[in-house]
Amino acid sequence: MDLTSALQRLASYRAKQSRASADIVKDGELVLRKAGLTKLGDEEWAFLEQLALAAIDTGKLDVADDITDGYAIQACLERLAAKFPESPRVDVLQGIRMEATESSETVIRYYNTLLEADESNIAAWKRKISVLKSSGDIKTAVQELSTLLDTFYTDVEGWLELGSIYSSCNQYTSALQCLSHAMILAPQNAFYILEAAETAYSAADIPLALKFYLRVVEMLDEPPTSGTTPSRPEGPTLRAWYGVKLCVRDLLTSTSTASQSESQTTPPSEKHLKLLDELSTERILAAYSPSSSKAGEGPPLGRETVVKWLENTSSTS
C-alpha cells in the first residue's frame with residue numbers, strides 16, 4: 001500500500017463519516033510509519049481524531065495513545081489537547097478513551113465535571129447517558145435523557161434513543177410518544193414511521209400500526225406508470241407490506257382488536273381491509289416473483305415459504 005492511497009481512503013472515510021474502524025487503523029498506522037503527518041497540513045487534527053476513535057473502537061489502545069511522527073512519540077490525545085486547549089470535542093474524546101479502561105463510576109464523574117463546566121456540552125451529556133445505559137442504570141439514563149431532551153428538543157437521535165430504551169423495557173406506549181416527537185421533527189423520514197409502526201404493533205394498537213405501515217408504503221412504494229410493470233418491493237417497503245398483511249389479518253379475525261386501540265385510531269371498513277389484504281399479498285409475492293430472478297436461477301430463495309405463509313394467513317381471514 002502506498003501513502004497517497006491511504007491518505008485518500010482516510011479522507012473518504014471522514015467525508016462519508018464511515019465507521020470502518022479496522023481499515024482506518026490499518027491505513028492510519030501506514031501513515032504514521034511513513035511520516036505522513038507532515039503531508040496532512042490542517043487535516044492532521046481530523047486524522048488524529050479519526051485514528052484515535054477507530055483505535056479505541058478496535059481495542060488498539062496503544063495506537064490511540066502513541067503517535068509516531070518519525071522524530072518522537074507523543075500521546076495522540078495530548079497532541080490534540082495541546083492544539084485545542086479547553087476544546088469540548090477533545091474533552092469528550094478523552095472520556096471515550098477512559099471508557100475503555102476505567103470504571104463506569106470514574107467515567108461518569110469525569111463527564112459530570114465537564115457538564116458542571118459547560119451544561120450545554122451535549123456530546124458529554126450523551127456519552128454520560130451511554131455509560132449509564134451500558135452499566136445497567138436504565139432509570140438514571142432515562143432521567144438524564146429526558147432532561148437533555150427538555151433542553152434540546154430538536155435532537156432527533158435523542159428521541160429515538162429514548163424510544164429504544166422504553167421499547168427494551170416493554171414500555172411501548174412511552175416509546176411511541178418518543179417516536180411521535182421524532183416524526184414531528186423529521187416527517188419525511190420513512191424509517192422513523194416504520195419504527196413507529198412496529199412499536200405500535202408490539203403495543204397491540206393494530207389500527208395505529210396499520211396507519212403507519214400504510215404511510216410508509218405511500219412514501220416508498222412507487223406506483224406503476226402507464227405501460228410499465230409495478231416495482232419490486234424490497235427493504236423497508238417490503239417490511240411495511242408484511243406489516244400491512246399482519247395488521248389486516250388481526251383486524252379481520254378479531255372483533256376486539258380495533259376496540260383495543262389505545263390511540264383510538266379508527267380502522268378501515270371490512271371492505272377496505274379485504275382490499276388491503278389482497279393488495280398486500282400481491283405486493284409481497286411481487287418481491288419473490290420469478291421475474292426478479294436471473295435467467296436460469298429458478299424461483300427466488302424463500303418464495304415457497306412465503307407462499308405457504310400467505311396461504312395460511314389468508315385462510316384465517
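Rounded to two decimals, the Cα radius of gyration of segment 232-283 over 2.2 N^0.38 Å is 1.19.
If you roll a 1.4 angstrom probe over the protein chains with everything in place, what fraction of the accessible area of the chain belongs to carbon and sulfur, to the nearest %? If you can, show how the numbers build up before the last one.
On the way: 8950 of 17490 Å².
Using a 1.4 Å probe with all protein chains present, the chain comes out at 51 percent carbon and sulfur.
Asp23 contributes about 80 Å² of solvent-accessible surface, heavy atoms of the protein only, 1.4 Å probe. Of the labelled figures (i) 76, 66, 56; (ii) 52, 48, 36; (iii) 77, 53, 32, only one reflects Cα extents along the principal axes in Å as derived from the coordinates, namely (iii).
Which entries in Lys16/Lys128; Lys26/Lys126; Lys34/Lys128; Lys16/Lys211; Lys60/Lys83 show an alpha-carbon gap greater than 32 Å? Write down the numbers at each step before the final one.
Values: Lys16/Lys128 26 Å; Lys26/Lys126 29 Å; Lys34/Lys128 37 Å; Lys16/Lys211 34 Å; Lys60/Lys83 23 Å.
Pairs exceeding the cut-off: Lys34/Lys128; Lys16/Lys211.
Projecting label points 7 angstrom from Cα along Cα→Cβ for Leu279 and Asn312 puts them 2.7 nm apart.
Size of the dipole of the chain about the Cα centre, Lys and Arg at +1 and Asp and Glu at -1 on the beta carbon, nothing else charged, in debye to 20?
Working: 31 positive and 44 negative charges, 173 e Å.
Dipole magnitude for the chain comes out near 840 debye.
Packing, taken as the mean count of other beta carbons within 10 Å per residue, orders the peptides 92-100, 195-203, 8-16 from highest to lowest as 195-203, 92-100, 8-16.
So if we plug the beta-carbon distance of Ala15 and Tyr153 into 1/(1 + (r/R0)^6) with R0 = 41 Å, what FRET efficiency do we get, rounded to 0.05?
Result of the calculation: an efficiency of 0.90.
Scalar couplings 3J(HN,Hα) for segment 44-55, obtained by applying the Karplus form with A = 6.51, B = -1.76, C = 1.60 to θ = phi - 60°, are 4, 6, 5, 5, 4, 5, 4, 5, 4, 5, 5, 5 Hz; x denotes Gly and Pro.
Calculated over segment 178-266, the projected area of the Cα convex hull averaged across directions stands at 6.5 nm².
Any idea what angle helix 138-151 forms with the longest principal axis of the chain, computed on alpha-carbon atoms, 0 to 90 degrees, nearest 10? The helix 138-151 is inclined about 90 degrees to the chain.
The distance between label points at Thr101 and Phe191 comes to 3.4 nm (points 7 Å beyond Cα on the Cα→Cβ vector). Modelled this way, with points 7 Å down the Cα-to-C-beta line, the labels at Asp118 and Gln260 are 5.0 nm from one another. Using the Karplus relation 6.51 cos²θ - 1.76 cosθ + 1.60 with θ = phi - 60°, the per-residue 3J(HN,Hα) values for segment 101-110 come to 10, 9, 6, 5, 5, 5, 5, 5, 4, 4 Hz, with x marking Gly and Pro.
The values are calculated or read from the model by the stated rules, or taken from the named source; none is laboratory data. For clarity, every value in this text was computed on a predicted model and none was experimentally measured. In this analysis, Cβ positions are derived from the backbone assuming ideal geometry, glycine residues included, and neighbour counts consider all displayed protein chains. The protein model used for the area step is the full one, side chains on, heavy atoms only, and it has no ligands, DNA or RNA in it. Shrake-Rupley method; radii C 1.70, N 1.55, O 1.52, S 1.80 Å.
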